[in-house]
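What follows is a short report on a single structure.
The values are calculated or read from the model by the stated rules, or taken from the named source; none is laboratory data. No experiment lies behind these values; they were computed from the predicted model shown. Glycine also receives a Cβ, built like all others from the backbone with ideal geometry; neighbour counts cover every protein chain displayed. In case anyone asks, the SASA skips ligands and DNA or RNA and just uses the protein heavy atoms, side chains included. Shrake-Rupley method; radii C 1.70, N 1.55, O 1.52, S 1.80 Å.
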Amino acid sequence: AVTVAEERLAAADDVAARTVELDRATAELSRLAQAAADAVDREARTRAGRLAGIAGELARGLTPGDPCVVCGGTEHPAPAGLAPDHVTAEAVEEAEAERAAAEEVVTATSARVSRLREQVEARRALTAGLDQAAAKAALLEAQDARDRARAAVRRRGELDRALVRHDQETVALEQRVTELATRLAGDRARVEELEARLALDVAAVAAELDGRSTVAERVEE
């Protein structure tokens, strides 16, 4: 139970930590997605600007008598002018590169968010629905039960050893009782024998007294 509770608490702690990381990554993904959208918009505007001034760029390459690359005419009576803020091909390439880089970062961050979300859900499945506080309380309860069980095991061991000592002492006492009973029986038999002999002696003395009250009187006589 303690092991399970420890695993659930570790999972709950991990869920809390990864959730914070997930929230940060999600916020970062939102920011990066907006940045990528801005990059897409800049690229579109850059391309539109280049298309708007492409006529002037083409006109710069016109030479009198040479055919126009657009209409094929050899006369160029009113070539388009090139605006000062004309968008170059390099600017378009730069905007495209920025957009691609922004989208790549969004893709990587989105994958990271997905991984974090999967990890959070996987770890949450191991918590049995407990948050950190509840998991900690469950662990403390399991540890208390374990400690009480260990104490009971130690107490049982002490009682088992005490019971063995008691049984050993009981056997020794029973042996002692048997020995004393044997001695007592012998002593009683001896007492009975001595009492019988004493009775004979008393009778013999009484006979020798011949009516006198004491031996001294009988001796004197």
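Can you give the net charge of the other residues whose Cβ lies under 14 Å from the Cβ of Ala199, counting K and R as +1 and D and E as -1?
-3
Report the local net charge at Leu29: Lys and Arg +1, Asp and Glu -1, summed over other residues whose C-beta lies under 14 Å from its C-beta.
Overall, the nearby charge balance is 0.
Per 10 Å bin, what percent of the C-alpha pairs of region 92-221 does each bin hold, from zero upward?
P(r) for region 92-221, in whole percents per bin: 9, 11, 10, 10, 9, 8, 7, 7, 6, 5, 5, 4, 3, 3, 2, 1, 0.
What nm value, rounded to one decimal, do you get for the distance between Glu90 and Thr178 when each label is placed 7 Å out toward the C-beta?
For Glu90 paired with Thr178, the spin-label model returns 11.7 nm.
How much accessible area per residue does region 79-195 have, in Å², with a 1.4 Å probe?
Counting only protein heavy atoms, the per-residue value for region 79-195 is 75 Å².
Can you pull the one-decimal nm distance between simple spin-label points at Gln119 and Lys136, each 7 Å off the Cα toward Cβ?
2.3
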